Amino acid sequence: MAPIAVGDVLPDGTLSCFDAEDKLQQVTVHSLAAGKKVIIFGVPGAFTPTCSLKHVPGFIEKAGELKSKGVDEIICISVNDPFVMKAWAKTYPENKDVKFLADGSATYTHALGLELDLGEKGLGTRSRRFALLVEDLKVKAANVESGGEFTVSSADDILKAL
């Protein structure tokens with residue numbers, strides 16, 4: 001399947017997270033994105049160096065600026081279980097705006113065409129690093145990295161698209 005691209009309609013899918021009352025929830029991507037301007041960024045794995053030290057902190061630090069440009073939701077997706085994503089989110093106590101959503105079986109990642117086979121490294125199927133700008137379910141920017149790079153999917157790169 002070809003990776004998601006500018007002009008595509010964002011596919012729907014179900015992801016997992018914990019709500020404010022610490023209850024496990026299933027949420028659909030369309031319920032979060034329909035009629036809104038959203039950023040969805042994907043990372044290969046929770047607690048990994050580039051994801052934890054650069055990618056996620058950039059979106060947390062720039063959340064105010066992104067929101068001032070009309071962004072309604074900032075969503076981080078990783079092929080991890082919701083318990084891992086909850087623990088990872090807690091390592092960013094300053095975060096108020098980035099939602100951490102789990103794609104435990106990589107089903108949604110496959111729907112986006114953004115899966116990455118890291119089986120040789122013992123990590124199985126993961127997500128390529130990416131950042132999407134989506135307006136009312138239509139992809140306006142699709143910044144997808146090659147391999148393990150971090151050159152086009154940062155919060156600053158998405159700001160340029162706004």
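The values are calculated or read from the model by the stated rules, or taken from the named source; none is laboratory data. Just so we're clear, the structure is a prediction, and the values are computed from it rather than from any experiment. Methodologically, a virtual Cβ is constructed for each residue, glycine included, from the backbone with ideal geometry; neighbour enumeration extends over all protein chains shown. Remember, those area values only see protein heavy atoms, side chains included, never the ligands or the DNA or RNA. Shrake-Rupley method; radii C 1.70, N 1.55, O 1.52, S 1.80 Å.
Under a 5 Å amide H cut-off, with hydrogens placed 1.01 Å from N, residue 75 pairs with 39, 40, 41, 99 among residues at least 5 apart or on other chains.
Simple rule: put +1 on each Lys or Arg Cβ and -1 on each Asp or Glu Cβ in the chain, find the dipole, and look at 112, 75, 127; the Cα lying farthest toward the positive end is 75.
Between residue 118 and residue 91, the contour length at 0.36 nm per residue exceeds the Cα-Cα span by 7.3 nm. Note the listed values (1) 20, 19, 17; (2) 43, 16, 15; (3) 25, 23, 16, then indicate which one is semi-axes √(5λ) of the Cα gyration tensor in Å calculated from this particular structure. Identified label for the calculated read-out: (1). Label separation (residue 146 vs residue 159): 2.6 nm, computed from points 7 Å beyond Cα along the C-beta direction. Residues whose amide H comes within less than 5 Å of that of residue 141, counting only those at least five positions distant or on another chain, are 133 (H built at 1.01 Å from N in the peptide plane). Whole-Hz Karplus values for the range 39-55 come out as 10, 10, 10, x, 10, x, x, 4, 6, 7, x, 5, 4, 7, 9, 10, 5 Hz, taken residue by residue from phi with 6.51 cos²θ - 1.76 cosθ + 1.60 and θ = phi - 60°; glycine and proline positions read x. Normalising the average separation of contacting C-alpha pairs (under 8 angstrom, six or more residues apart) by the number of residues puts the relative contact order of the range 33-87 at 56 percent. Note on the range 1-35 and the range 87-118: Cα centroid distance 10 Å, given to the nearest whole angstrom.
Run down the lysines and flag those whose C-alpha is under 20 Å from the C-alpha of residue 23, throwing out any fewer than 8 positions away in its chain. Of all the lysines, those that pass the test against residue 23 - Cα under 20 Å, at least 8 places apart if same chain - are 86, 90, 96, 99. Take every pair of alpha-carbon atoms less than 8 Å apart whose residues are at least six positions apart; their mean separation over the length of the chain yields a relative contact order of 31 percent.
Considering helices alone, the calculated mean residue ellipticity of the chain at 222 nm is -5500 deg cm²/dmol, with DSSP H runs of length four and up weighted by -39500 (n - 2.57) and normalised per residue.
With the Cα gyration tensor of the range 77-162 giving a ≥ b ≥ c as the square roots of its eigenvalues, does the rule (a/c under 1.5 for rounded; else a/b larger than b/c for prolate; else oblate) give rounded, prolate or oblate?
oblate
In a DSSP loop and with at most 15 other Cβ atoms within 10 Å, the GluC sites (Glu not before Pro) in the range 106-162 are 149. Using a probe of 1.4 angstrom and keeping all protein chains present, the accessible surface of the range 3-72 works out to 47 square angstrom per residue. The trypsin sites (Lys or Arg not before Pro) of the range 77-120 meeting both criteria, a DSSP state outside H, G, I, E and B (loop) and at most 16 other C-beta atoms within 10 angstrom of the site's C-beta, are 90, 96. For residue 125, the residues whose modelled amide H falls within less than 5 Å of its own, excluding neighbours fewer than 5 places apart on the same chain, are 118.
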